[in-house]
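The values are calculated or read from the model by the stated rules, or taken from the named source; none is laboratory data. If you're wondering where the values come from, they're calculated on a predicted model, not measured in any experiment. Reconstructed Cβ throughout: ideal geometry from the backbone, glycine too, with neighbour counts over all protein chains shown. Calculation scope for accessible area: heavy atoms of the full protein, side chains included, ligands and nucleic acids excluded. Shrake-Rupley method; radii C 1.70, N 1.55, O 1.52, S 1.80 Å.
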Amino acid sequence: MTPATEIINPHLHAYLTAHSTPPDGLLEDLASETARLYPDSTGLQISPEQGTLMTLLAQLSSARDAVEIGTFTGYSSVCIARGLLPGGTLLTCDVSEEWVSVAQRYWERAGLSDTVTPRLGPALDTLAELPEEPRFDLAFVDADKERYVDYWEALLPRLRPGGALLVDNALAVSQGSVTDDPLPTPALRYIRDFNDHAAADGRVDVVVVPIGDGLTLARKRP
Ligand SMILES: C[S@@+](CC[C@H](N)C(=O)[O-])C[C@H]1O[C@@H](n2cnc3c(N)ncnc32)[C@H](O)[C@@H]1O
């Protein structure tokens, strides 16, 4: 799990989670199994409170059709899919058949197999195959950081006016901090460039939310 305590001090973080809807048994099982199978990769998963936020955002925006870049073992996809309107769809993209096969079991258990469609392959290729017209109400980006600006540019034309674009790791505390100088890892340069790009984009209103590893929340202007 992303160390949310890096942004919010441990006492406030414990208080925050104690006053937020917790993950249910299915999400807890998914997180435990991921930790057991891939102990070195658990930091890839979004934090439980971010999952709750994403379900609420999908519900509050009455999202029907969503797209996700970066499935991993499925935690965020379950959170998004559960918030969609009845009959909603989630297209989720990843390059790892093994990780997506874990996610698939949890979609089945959650009754979301008809809602979630996985696509294996580089996500930019998957997006390029979709007509460049508004079709999604919500998009979530959580994959290779060097392509964040490309994902943003590929997703915005495919997002309906008023739609939400969420991008993970905006503050990158899991890797140091986006404000460190010099930057501790090259990946932070991509995050910093992406944040500058999003903040300067007149097509959206945008805010960086200090949850998890930092979450960019943008709304496409009508
Ligand atoms: C941070 S993890 C996603 C975590 C997930 N959102 C969750 O909450 O469990 C990033 C994922 O992006 C995938 N990925 C990396 N490069 C990719 C690419 N070019 N296209 C699609 N997926 C990619 C990785 O295989 C990995 O599963």
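Would you calculate a helix-derived [θ] at 222 nm for the chain, using -39,500 (n - 2.57) for each DSSP H run of n ≥ 4 and dividing by the full residue count, to the nearest 500?
Computed ellipticity for the chain at 222 nm equals -11500 deg cm²/dmol.
Over the chain, with the other protein chains present, what is the accessible area per residue in square angstrom, probe 1.4 angstrom?
Accessible area per residue, the chain: 46 Å².
Find the centroid of the Cα atoms in segment 165-206 and in segment 26-57, then give the distance between the two in whole Å.
Each part's Cα centre sits 22 Å from the other's.
With Kirkwood's inverse mean 1/r over C-alpha pairs for Rh, give me the Rg to Rh ratio of the chain, two decimals please.
Ratio of gyration radius to Kirkwood radius: 0.93.
Could you tell me which of rounded, prolate or oblate describes segment 1-78, using a ≥ b ≥ c as the square roots of the eigenvalues of the alpha-carbon gyration tensor, with rounded for a/c under 1.5 and, failing that, prolate when a/b is larger than b/c and oblate otherwise?
Here segment 1-78 falls in the oblate category.
Put +1 on the Cβ of every Lys and Arg and -1 on every Asp and Glu Cβ in the chain; which of Ser174, Tyr75, Pro131 then has its Cα farthest towards the positive end of the dipole?
Most positive-ward Cα: Pro131.
When the chain is modelled as a GNM with alpha-carbon springs shorter than 10 Å, which of Thr185, Thr89, Thr126 fluctuates the most?
Thr185
Taking all protein chains as present, what is the carbon and sulfur share of the accessible area of segment 1-85, in % to the nearest whole number, probe 1.4 Å?
Of the solvent-accessible surface of segment 1-85, carbon and sulfur hold 57 percent.
Among Thr21, Thr117, Thr216, Thr55, what's the order by accessible area (1.4 angstrom probe), most exposed first?
Result, largest first: Thr21, Thr117, Thr55, Thr216.
Could you tell me which of rounded, prolate or oblate describes segment 70-143, using a ≥ b ≥ c as the square roots of the eigenvalues of the alpha-carbon gyration tensor, with rounded for a/c under 1.5 and, failing that, prolate when a/b is larger than b/c and oblate otherwise?
oblate
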